[in-house]
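To start, the structure itself, in structure tokens.
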């Protein structure tokens, strides 16, 4: 349900309210739902519908509240007429899919969101739900493919970065856990999920320098020819491997600060023109404005060692608050041009066992 709650505010919709009273009831119901007062929200929305039976969002948000109350049959019965009359926005499809998930009808849920994507082909929310349906069936390749399509179509929908980073961790491409994990951490800064994903980033760095780098040792005399194409992923790994001695005594916050600082400088002189990437440009800005050390402590300090992080904050009492103020004034925003993923997902996961 977190996906439903976090995405509702992302879809702006102009509503004609028949009276100020109905609008106020709607706002109060949403406030109840955000605070977990689900039954009060349901009652208020039902009352509002009595006064304004033609306002679609009242039914949509009532179905959302019914999902939260695990009344999945009622939720689907509430939202389905809107979809059948082709008056649904993308959230309607998501809420209907959540109701079907709740009923255990995963395949119907997937068909519902795929139908929604026909109307809203750039909806990150709906790609997220498609991925969820595939993962429920243990079709991880299809799930990851849907997440990547969602990131490409809607780079601002942050939950796709979270799910993709999570799926990539136990594959041969942990670099994407590092990249997508950091994008997510910047877009959702202060939640348990953010801390969880930063722990995954540490694990991904360990895999990069212990497995990925050593499994791609070139043959003697081999080199990339001038005309040979190089992917963004290969370019990032190439710079990492050149800096591998920095990590020789382990994956620690201090070592990562050194690695990532040198990476910023080396990337600018090697691949920045060929592969402009907003996250690396953001690192450069953090470095130039004196925030990069604190930023990396914020990213990795608590996940790596809370005691050491607390000691660091005692010696630098203003660093994190200064970083937070800086981040508010300089929020990170991904762009569509950042999408360099080749979407090669075949063979990344164990094959699904046939029943």
Quiz prompt | Flag for residue 161 being within 20 Å of residue 199 (Cβ to Cβ) and modelled with pLDDT of 95 or more | solution = yes
When the stretch 18-42 is checked residue by residue, the ones that are more than 22 Å from residue 94 (Cα to Cα) and either in contact with a strand residue (DSSP E or B) (Cβ under 6 Å, 6 or more places away or on another chain) or part of a helix (DSSP H, G or I) (or both) are 20, 21, 22, 23, 24, 25, 28, 40
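Quickly run through the stretch 270-292 and pick out the residues that are part of a helix (DSSP H, G or I) and touching a helix residue (DSSP H, G or I) at 6+ places or on another chain (Cβ under 6 Å).
Let us first name the residues in the stretch 270-292 that are part of a helix (DSSP H, G or I), namely 270, 278-288, 292.
Passing the criteria: 278, 280, 283, 284, 286, 287, 292.
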Within the stretch 171-206, the count of residues that are without any contact (Cβ under 8 Å) to a residue 60 or more places away in the chain, within 20 Å of residue 344 (Cα to Cα) and more than 10 Å from the chain's Cα centre (by Cα) comes to 4
By residue number, the members of the stretch 105-133 that are in contact with a helix residue (DSSP H, G or I) (Cβ under 8 Å, 6 or more places away or on another chain) and outside any helix (DSSP H, G or I) are 120, 121, 122, 123
Filtering the stretch 267-311 for residues that are surrounded by fewer than 19 Cβ atoms within 10 Å (Cβ to Cβ) and without any contact (Cβ under 8 Å) to a residue 24 or more places away in the chain leaves a count of 12
Here the residues within the stretch 325-355 that are assigned to a helix (DSSP H, G or I) and either surrounded by 13 or more Cβ atoms within 10 Å (Cβ to Cβ) or free of Cβ contacts under 8 Å to residues at least 40 places away in the same chain (or both) are 325, 326, 327, 328, 329, 338
Condition set touching a helix residue (DSSP H, G or I) at 6+ places or on another chain (Cβ under 9 Å) and exposed (fewer than 13 other Cβ atoms within 10 Å of the Cβ), scope the stretch 36-52, selection modelled with the lowest pLDDT: answer is 36
Of (1) in contact with a helix residue (DSSP H, G or I) (Cβ under 7 Å, 6 or more places away or on another chain); (2) modelled with pLDDT under 95; (3) not in a helix (DSSP H, G or I), residue 246 satisfies every one except (3)
Residues of the stretch 150-159 being assigned to a helix (DSSP H, G or I) and surrounded by fewer than 20 Cβ atoms within 10 Å (Cβ to Cβ), in sequence order, are 152, 153
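The values are calculated or read from the model by the stated rules, or taken from the named source; none is laboratory data. Quick caveat: nothing in here was measured; it's all calculated off a predicted structure. When we count neighbours, we look across all protein chains shown, and the Cβ atoms used for this are built from the backbone with ideal geometry, even at glycine.
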